[in-house]
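Before any comments, here is the structure.
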Amino acid sequence: MRVHVADHPLVAHKLSTLRDEQTDSPTFRRLVEELVTLLAYEATRDVAIAPVEVTTPLTTTTGVRLASPKPIVVPILRAGLGMLDGMVRLLPTAEVGFLGMLRDEETLQPRTYANRLPDDLSGRQCFVLDPMLATGGTLAMAVDYLHHKGARTVTAICLLAAPEGLEALEAHTGDDVDLTVVLAGLDDRLDERGFIVPGLGDAGDRLYGVV
Ligand SMILES: O=P(O)(O)OC[C@H]1O[C@H](OP(=O)(O)OP(=O)(O)O)[C@H](O)[C@@H]1O
Ligand SMILES: O=c1cc[nH]c(=O)[nH]1
Ligand SMILES: [Mg+2]
């Protein structure tokens with residue numbers, strides 16, 4: 001598993017505002033979208049391309065286009081939905097699948113309430129979106145769903161992760177999945193409720209205004 005933490009002043013600036021408890025939901029949603037677009041640039045560095053002939057007003061030249069099969073983007077509801085628009089702005093032709101998952105507040109175990117993925121993901125590059133990688137349980141289960149459908153290359157785009165969650169995810173992931181995690185920031189630890197510290201609180205609540 002590879003972990004890439006974005007090293008860019010704009011990412012750091014936007015992430016700091018996102019963490020601020022005074023940031024309201026509309027601003028929070030806009031910042032999440034902007035951050036995802038910046039992270040997506042890094043996360044798609046190895047996206048598969050194919051040559052294509054282009055006729056300019058002057059001549060014909062060789063360019064590139066996204067190769068087939070097209071990548072698939074999978075937001076993990078609820079909070080991951082706030083990242084979808086920012087991602088498809090960069091990859092407008094990607095297919096979109098959905099996973100709805102909720103972590104039990106007591107046991108910290110994830111439960112899946114929606115699963116809408118294509119049947120065959122072999123040969124597809126999968127981009128999973130979820131702002132928070134805490135214990136890693138949710139992302140590990142999501143990667144398992146993709147793997148069981150044939151995916152071998154998975155990139156997770158998260159805003160924040162805890163070291164404990166990255167460790168658990170790496171231990172869980174077998175060698176036959178090429179997993180990359182792209183982050184805006186790597187935080188210090190988890191607290192006793194499984195929240196990322198310093199973190200930004202409950203991403204789903206802050207995105208969708210449930211208090
Ligand atoms: O790494 P983990 O310990 O599994 O926790 C991370 C998960 O928790 C949050 O979702 P939550 O369960 O709160 O659902 P929500 O998006 O509906 O708020 C977050 O968006 C991740 O999906
Ligand atoms: O810090 C955390 C951990 C899990 N889910 C969140 O939304 N925030
Ligand atoms: Mg939540």
Any residue in region 79-102 that's at negative phi: show its pairings with residues that are assigned to a loop (DSSP other than H, G, I, E, B) and of a type in the set (S, T, N, Q) at Cβ separation under 7 Å, as long as the two are six or more apart or on different chains. Leu90/Thr44; Leu91/Thr44
Among residues of region 162-201 being within 16 Å of ligand 3 (Cβ to nearest atom) and in contact (Cβ under 8 Å) with a residue 40 or more places away in the chain, the residue farthest from the chain's Cα centre (by Cα) is Arg193
Determine whether Ala140 is hydrophobic (A, V, I, L, M, F, W, C) and either more than 14 Å from the chain's Cα centre (by Cα) or within 11 Å of ligand 2 (Cβ to nearest atom) (or both). no
Hey, does region 197-204 have a residue that's among the charged types (D, E, K, R), open to solvent by 50 Å² or more (accessible area, probe 1.4 Å) and outside any helix (DSSP H, G or I)? yes
Enumeration of residues in region 171-196 that are over 20 Å from Leu18 (Cα atoms) and in a loop (DSSP other than H, G, I, E, B): Thr173, Gly174, Asp175, Asp176, Val177, Glu192, Arg193
Would you be able to say whether some residue in region 105-126 is under 13 Å from the mean Cα position of the chain (by Cα), in contact (Cβ under 8 Å) with a residue 40 or more places away in the chain and closer than 19 Å to Gly199 by Cβ? no
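Conditions tested, residue by residue: (1) surrounded by fewer than 23 Cβ atoms within 10 Å (Cβ to Cβ); (2) polar (S, T, N, Q); (3) within 15 Å of ligand 1 (Cβ to nearest atom).
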site	(1), (2), (3)
Glu106	yes, no, yes
Arg111	yes, no, yes
Arg116	yes, no, no
Ser122	yes, yes, no
Ala134	no, no, yes
Met141	yes, no, yes
His147	yes, no, no
Could you list, in sequence order, the residues of region 170-193 that are within 14 Å of ligand 2 (Cβ to nearest atom), farther than 16 Å from Leu35 by Cα and surrounded by 18 or more Cβ atoms within 10 Å (Cβ to Cβ)? Asp187, Leu190
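The values are calculated or read from the model by the stated rules, or taken from the named source; none is laboratory data. All values derive from a computational prediction rather than experimental measurement. All Cβ positions, glycine included, derive from the backbone under ideal geometry; neighbour counts span all protein chains shown. We work out accessible area using only protein heavy atoms, side chains counted, and drop any ligands, DNA or RNA first. Shrake-Rupley method; radii C 1.70, N 1.55, O 1.52, S 1.80 Å.
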